Amino acid sequence: MSGTDLARRFYLAAVRPLLGARPHAAALLGDGSEVLGFDDDVSADHDFGPRLQVFLPPGVPEPDLGALPETFEGFPVRFPYGGRMGHQVELTTVAGFCTTRLGVDPVDGLSLQDWLVTPTQTLAGLTGGAVFHDPDGELARRRTRLTWYPDDVWRYALAAGWLRVAQEEAFVARAGSTGDDLGSRVIAGRLVRELMRLAFLVERRWAPYPKWFGAAFARLDLAAGAGPLLAEALAAPDWRAREAALVTAASRIAAATNALGLATAVDPAPRPYYTRDIRVVGADRFVVALTAAIEDPPVRALLERLGVRRGGPIGSLPGTIDQVSDSTDVLTEPGRCRAAAPLLGLV
């Protein structure tokens, strides 16, 4: 049973007849495994049933949904979801729905700050899902605006992602060589996640929340070549095998970054870390190349305001909200995300 298929049938059979002649749009967007297409039989054991959003133009009176059935195709119509018990047909406006989840209506596009403080999991939920009825294209216009970053914001996010790799790529071997195998494994896990996030950025795909992060990664083209290496790095019995798998995976994602043509190509081959017995991809070189290619005035102004890291010429790049925080309590609250703007160097 697909949650989006259930929602579509529920809309057509039970909800639309109650709307009468009201102009409206209808969809299943936002939160939930079914919006991302990952729901399965296990998903139905809690907070699951027919649900959707009905978007009414401002000023159009809301319909009385009290006549909704108690069950639909064997599922309860009234169930707890998002802390609310009752039917899960959300009546809203298109602008109100988007503003609640983003902090802004994207109808005219997003500013640099809007892009950087919006979690990718939020964007995945708004551009994924299913639209059942949108005669005036109000949903389509906004979803198109949210398809992907403008190119220079994309360069900035990629540069910040590679900087996160650069900051720790030598530590897997360094910790392991001192006998700290647990520490080496923890750092490897952090780098695996950063490389996976870079793969999403390279392929212009919004990364979902952690439950489906690996499943969504497996659908990327880069997963075929880099995925087994990243798994090997996590399972490696010693730091040398761990390092070898990681640096090979990083090299493949680096080559894919070059192939985007967003910046001057950088040799993606692994290399020594100074004179030490450590191999890295030299991720800082990608940071320099990507930031050098940025021309958009607001993004350039951000780079200049942030300055360079000690020892330069690598910029100080906090990046996006996802690159600054992985707290669920932050990433699921638009107000908290927008309040984090100073952490990102935006104000």
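Entry remark, the range 90-126: residues being in contact (Cβ under 8 Å) with a residue 60 or more places away in the chain, among the β-branched types (Val, Ile, Thr) and surrounded by fewer than 18 Cβ atoms within 10 Å (Cβ to Cβ) number 1 in total. Does residue 332 satisfy being over 20 Å from residue 126 (Cβ atoms) and polar (S, T, N, Q)? So residue 332 does not fit the description; no.
Here 250, 170, 244, 226 are screened, and the one residue that is without any contact (Cβ under 8 Å) to a residue 40 or more places away in the chain, buried (at least 16 other Cβ atoms within 10 Å of the Cβ) and touching a strand residue (DSSP E or B) at 6+ places or on another chain (Cβ under 9 Å) is 244.
Looking at (1) in contact with a helix residue (DSSP H, G or I) (Cβ under 8 Å, 6 or more places away or on another chain); (2) at pLDDT below 95; (3) crowded, with 18+ Cβ neighbours inside 10 Å, which is the only condition residue 37 fails? Only one criterion in (1) in contact with a helix residue (DSSP H, G or I) (Cβ under 8 Å, 6 or more places away or on another chain); (2) at pLDDT below 95; (3) crowded, with 18+ Cβ neighbours inside 10 Å is unmet by residue 37, namely (3).
The single residue among 305, 309, 300, 338 that is among the charged types (D, E, K, R), modelled with pLDDT under 95 and farther than 14 Å from residue 163 by Cβ turns out to be 305. Counting only strands (runs of 3 or more DSSP E) that sit completely within the range 36-98, those holding 3 or more residues that are of a type outside the set (A, V, I, L, M, F, W, C) correspond to 78-81, 84-92.
Condition first: among the hydrophobic types (A, V, I, L, M, F, W, C), out of contact with any Lys or Arg (no Cβ under 9 Å at 6 or more places or on another chain) and either in contact (Cβ under 8 Å) with a residue 40 or more places away in the chain or under 19 Å from residue 118 (Cα atoms) (or both). Now tell me which residues in the range 293-313 satisfy that. Answer for the range 293-313, where residues must be among the hydrophobic types (A, V, I, L, M, F, W, C), out of contact with any Lys or Arg (no Cβ under 9 Å at 6 or more places or on another chain) and either in contact (Cβ under 8 Å) with a residue 40 or more places away in the chain or under 19 Å from residue 118 (Cα atoms) (or both): 302, 303.
The values are calculated or read from the model by the stated rules, or taken from the named source; none is laboratory data. Only a predicted model underlies this, so the values are computations on that prediction, with no experimental measurement involved. Note: ideal-geometry Cβ built from the backbone for every residue, glycine included; neighbour counts use all protein chains shown.
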